[in-house]
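A short write-up of the structure that comes next.
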Amino acid sequence: MLASLILKHRRERPLLRKHPWIFSGGVERIDGDPQPGDTIEVHDSTGKWIARAAYSPNSQIIARVWTFDMEEKIDRDFIRKRIEAAVRYRDSLGLANVTNAWRLVFGEADGLPGLVIDRYGDIAVCQFLTVAMDRWKRVITDILMDMPDINTVYERSDTSARAREGLEVADGLLAGKPLPNQFLMTEYGLNLWVDIANGHKTGCYLDQRENRRAFPIDLHGKSVLNCFCYTGGFGLRAASLGAASVTQVDSSENALEMARKNAEANHLDENVFTYEKADVFQYLRTCRDSRKSFDLIVLDPPKLIETQAQLEKGCRGYKDLNLLALKLLNPGGALLTFSCSGAMTPELFQKVVGDAARDADKSPRVARILQQAPDHPLSLDIPEADYLTGLELLL
Ligand code: SAH
């Protein structure tokens, strides 16, 4: 028999709205002796069955719901069905026509809390982020290896989320052929080398695929500043669309090295590119002081807000970046600006960028509101999982 978690009075309400997280503060008691990662039954304070969930005693989110269906057992078959449904959804997007890399599984939105799987060609790269998902590692590896077009399963469970679950980081080959040195990804005709073992996340920011695809202004002969460029994506696209100069800025030498290599991989004129190893906050000030200006600026910073407590400071960071960038923009120019901080809602981001524009004495139009690509779906039941928001602004 499975152990039971009994909720405090009224703490079942989010669950009745299909929100899958149970916070430790909402727990009245636990009956039985569940081990980390075990499946447990969840009951309301009157004893009524509500859900079956994965137990994470070390985390503030003490349990994550697997199912609200009492008939559904949590076993190999359950995991397989959820993965198959996630794969079917990606197939329906027709991504294979435009790229060879996409997200196969995105945690809660695919009914698989704590699991991320990105595929790069025939390589599946997994992140097991909760103690429960970690327990299913072997099963998930087998399911992936059974897929006809997957020949390697590789683990990149090296995020801070693991520590909150009491797990060590874990990287390495789980099954199949060893990784190639680097993987050549294609995305709407652009070539991008990806370092799966050492790159950020699982190697590439796949969520920006659609935003890296095109720009709102004709770039022929224009100047571009790509801030937080990582391996160069936005800047490479800009050069391929005719930009006369592209400045790629990142604080990481490795990232810039890859950006250089990616310019070669696309046979782009090396004279178009300038590489700056710099702190973007500083670099934008240097540009301001030397009266440099650009026609297109991209701001794609790392998460500036990790926790709710950093919200105010983080907002100041975003405002600072956007204010400086807007000041450097030529008339008729465009700014693509992003936040990947979960705590930054699209509404708040618009307010922060609006404040920056007023302080910069600019009145840009919002051409489009941007978000992550559809292989990174959201669940309407978990609005806080929405993390990437962006604006396409025209001066
Ligand atoms: N736009 C990229 C992804 C950006 S990820 C793409 O489409 O692939 C964020 C990048 O910001 C990382 O490469 C990281 O090295 C860099 N970074 C983080 N803090 C920085 C800072 N203060 N100044 C410059 N680069 C920074």
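Got a number for carbon plus sulfur as a percent of the range 38-108's accessible area, 1.4 Å probe?
Ligands and nucleic acids excluded, carbon and sulfur give 46 percent.
Not counting ligands, DNA or RNA, and with a 1.4 Å probe, what is residue 351's accessible surface area in Å² rounded to the nearest 10?
Around 120 Å² of this residue is reachable by solvent.
Which listed residue (244, 1, 89) has the Cα farthest towards the positive end of the charge dipole for the chain, taking +1 on Lys and Arg C-beta and -1 on Asp and Glu C-beta about the Cα centre?
The Cα lying farthest towards the positive end belongs to 244.
Quick one: with all protein chains in place, what share of the accessible area of the range 264-395 is carbon or sulfur, to the nearest percent (1.4 Å probe)?
Looking at the range 264-395 in its full context, I get 49 percent from C and S.
Using alpha carbons only, how many degrees (0 to 90, rounded to 10) separate the axis of helix 280-289 from the longest principal axis of the chain?
Once rounded, one gets 20 degrees.
Taking the dipole about the Cα centre of the range 311-395, with the C-beta of Lys and Arg at +1 and of Asp and Glu at -1, give me whichever of 373, 340, 350 is farthest to the positive side.
350
From zero up to wherever the largest Cα-Cα distance of the range 4-67 sits, split into 5 Å bins and tell me the percent of pairs in each.
Spelled out bin by bin, the range 4-67 gives 4, 21, 37, 28, 9, 1 percent.
When only Cα pairs under 8 Å and 6 or more residues apart are kept, what is the percent relative contact order across the range 76-176?
Worked out over the range 76-176, it gives 20 percent.
Could you do me a favour and compute the accessible area per residue for the range 4-67, 1.4 Å probe, result in Å²?
Value for the range 4-67: 48 Å² per residue.
Excluding ligands, DNA and RNA, what is the solvent-accessible area per residue of the range 76-176 at a probe of 1.4 Å, expressed in Å²?
Dividing the accessible area of the range 76-176 by its residue count gives 39 Å².
Just flag the GluC sites (Glu not before Pro) in the range 65-143 sitting in loop per DSSP whose Cβ has no more than 14 other Cβ atoms within 10 Å.
Within the range 65-143, the qualifying GluC sites (Glu not before Pro) (loop, at most 14 other Cβ atoms within 10 Å) are 71, 72.
When we measure straight from the Cα of residue 73, which lysines land under 19 angstrom away, once same-chain ones fewer than 8 places off are left out?
Those lysines meeting the cut-off are 18, 48, 81, 137.
Need one number for the range 172-301: average projected area of the convex hull over its C-alpha atoms, nm².
That works out to 8.4 nm².
Need one word for the range 65-134: rounded, prolate or oblate. Basis is the Cα gyration tensor (sqrt eigenvalues a ≥ b ≥ c); a/c below 1.5 gives rounded, then a/b vs b/c decides.
prolate
Using the alpha-carbon atoms, what tilt in degrees (0 to 90, nearest 10) does helix 346-359 show relative to the longest principal axis of the chain?
Computed tilt is about 30 degrees.
Nearest 20 debye, what's the magnitude of the dipole of the chain about its Cα centre given +1 on Lys and Arg Cβ and -1 on Asp and Glu Cβ?
Roughly 860 debye for the chain.
Taking only C-alpha pairs under 8 Å that are 6+ residues apart, what is the relative contact order of the range 205-394 in percent?
That works out to 21 percent.
Show me, bin by bin at 10 Å from 0, the whole-percent P(r) of the range 205-394 based on Cα pairs.
Per 10 Å bin, starting at 0, the Cα pair percentages come out as 9, 38, 38, 13, 1.
Can you give me the accessible area per residue for the range 224-276, using a 1.4 Å probe, in Å²?
Using a 1.4 Å probe on heavy atoms only, each residue of the range 224-276 averages 38 Å².
If the chain between residue 151 and residue 307 were fully stretched, how many nm would it gain, using 0.36 nm times the residue separation less the Cα-Cα distance?
Net length gain for the segment: 52.4 nm.
Determine how many Å³ per residue the convex hull of the Cα atoms of the range 76-176 encloses.
Spread over its residues, the Cα hull of the range 76-176 gives 90 Å³ apiece.
Against the longest alpha carbon principal axis of the chain, how many degrees, from 0 to 90 and to the nearest 10, is the axis of helix 137-146 turned?
70 degrees
Which percent of Cα-Cα pairs in the chain sits in each 20 Å bin, short to long?
26, 53, 20, 1
Where does the Debye-calculated log10 I(q)/I(0) of the range 255-360 sit at q = 0.14 Å⁻¹, using only Cα point scatterers of equal weight, no solvent?
So the normalised log intensities work out to -0.64.
Among the lysines, which fall within straight-line cross-link reach of residue 292, defined as a Cα-Cα distance under 25 Å, with same-chain neighbours fewer than 8 residues apart omitted?
Partners within reach: 222, 277, 319, 327, 362.
The values are calculated or read from the model by the stated rules, or taken from the named source; none is laboratory data. Since this is a predicted model, take the numbers as computed values, not measurements. Glycine also receives a Cβ, built like all others from the backbone with ideal geometry; neighbour counts cover every protein chain displayed. The protein model used for the area step is the full one, side chains on, heavy atoms only, and it has no ligands, DNA or RNA in it. Shrake-Rupley method; radii C 1.70, N 1.55, O 1.52, S 1.80 Å.
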